[in-house]
Amino acid sequence: MKQIFTDKKDLARALVIILELFAVGIIIYLIILPFYPRIKYEISYNKESAKEEAKDLEKTKEKVQEIIRETKEQEANKEKNENNNDNNAENKIVIPTSGNRLIITKIGVNAPIIESENENYGLSRGSWHLPDSSTPDKGGNTVITGHRFKYLPPNNVTFYLLDKLEEGDIISVVWDDKEYYYRVKETKIVGKTETSVLNKSEEPILTLFTCHPIYSEENRLVVVAELVN
């Protein structure tokens with residue numbers, strides 16, 4: 001009887017230690033997580049050749065087309081699995097995934113472009129296309145914004161590393177199944193109430209913006225790029 005009691009105490013003590021280690025692991029994970037994208041970027045782009053590659057239109061096109069193929073395959077598999085797991089598929093409300101995407105290979109962005117009058121809805125599901133701005137097929141100023149950071153495993157829908165874009169870097173927008181490529185011509189910091197970045201433009205440009213500095217809404221980080229194809 002005494003042996004059984006001792007065994008139970010040892011088991012309880014072991015479980016407590018395991019739970020404590022698990023809690024410590026979670027805390028460490030949450031502390032490190034915000035810095036992971038930047039660490040990964042610094043490791044990947046510490047060579048001049050990698051930086052120059054981000055400015056190479058043809059290489060970027062190859063990467064973008066590969067990303068598009070992989071994304072379509074992943075979405076098709078996800079939809080198939082969801083249908084197979086749903087016993088009431090006929091009554092299921094399906095929210096289609098946006099085929100329009102913002103892809104920035106240099107900083108790992110591959111985000112659906114959400115069109116909605118509701119900013120919170122758009123930003124919660126990807127990058128948000130401002131309703132009053134133009135679209136790539138019409139020329140003018142296409143304006144897209146996104147969250148700088150979400151407390152999630154490092155993902156490809158945030159603009160966490162938008163500050164790493166430099167003049168000459170290539171940005172791609174997939175719009176109505178057509179690819180549009182833009183070359184960065186300007187990056188700047190403006191106040192959060194500055195609206196000039198939303199102004200209409202005669203030439204076809206892409207304007208991206210997000211919060212700055214990170215974890216703050218004090219200012220806006222803006223990237224302006226010109227159409228190159």
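The values are calculated or read from the model by the stated rules, or taken from the named source; none is laboratory data. All values reported here derive from a predicted model rather than from experimental measurement. Don't worry about glycine lacking a Cβ; one is built from the backbone with ideal geometry, like all the others, and counts go over all protein chains shown.
Glu166 fulfils the conditions (1) modelled with pLDDT under 95; (2) farther than 16 Å from Val224 by Cβ except for a single criterion, (2). Of all residue pairs spaced 6 or more apart or on separate chains, none has beta-carbon atoms under 9 Å together with a first member in the range 18-35 that is modelled with pLDDT of 85 or more and a second member that is loosely packed, with under 10 Cβ neighbours inside 10 Å.
Do you know which of the residues in the range 104-155 that are touching a Gly at 6+ places or on another chain (Cβ under 7 Å) and either without any contact (Cβ under 8 Å) to a residue 24 or more places away in the chain or assigned to a loop (DSSP other than H, G, I, E, B) (or both) is farthest from Ile26 (Cα to Cα)?
Applying the first criterion (touching a Gly at 6+ places or on another chain (Cβ under 7 Å)) to the range 104-155 yields 111-114, 116, 123, 127-128, 134.
With either without any contact (Cβ under 8 Å) to a residue 24 or more places away in the chain or assigned to a loop (DSSP other than H, G, I, E, B) (or both) added as a condition, the list becomes 114, 116, 128, 134.
Numbers: Ile114: 32, Ser116: 35, Trp128: 31, Ser134: 43 Å.
Here the answer is Ser134.
Residue by residue, here is whether (1) within 16 Å of Pro136 (Cα to Cα); (2) in contact (Cβ under 8 Å) with a residue 60 or more places away in the chain; (3) surrounded by 14 or more Cβ atoms within 10 Å (Cβ to Cβ) holds:
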| site | (1), (2), (3) |
| --- | --- |
| Thr193 | no, no, no |
| Val197 | no, no, yes |
| Ser201 | yes, yes, yes |
| His212 | no, yes, yes |
| Tyr215 | no, yes, no |
| Ala225 | yes, no, yes |
| Val228 | yes, yes, no |
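Just to verify a result, which residue in the range 60-92, among those that are at pLDDT below 70 and assigned to a helix (DSSP H, G or I), is nearest to Asp177 (Cα to Cα)? Applying the filter and picking the extreme gives Glu79. Across the range 44-59, the qualifying residues are those that are aliphatic (A, V, I, L, M) and within 13 Å of Arg183 (Cα to Cα), and the one among them that is modelled with the lowest pLDDT is Ala54.
Count of the range 176-222 residues, restricted to those that are over 23 Å from Asn110 (Cβ atoms), polar (S, T, N, Q) and either outside any loop (DSSP other than H, G, I, E, B) or out of contact with any strand residue (DSSP E or B) (no Cβ under 6 Å at 6 or more places or on another chain) (or both), is 6.
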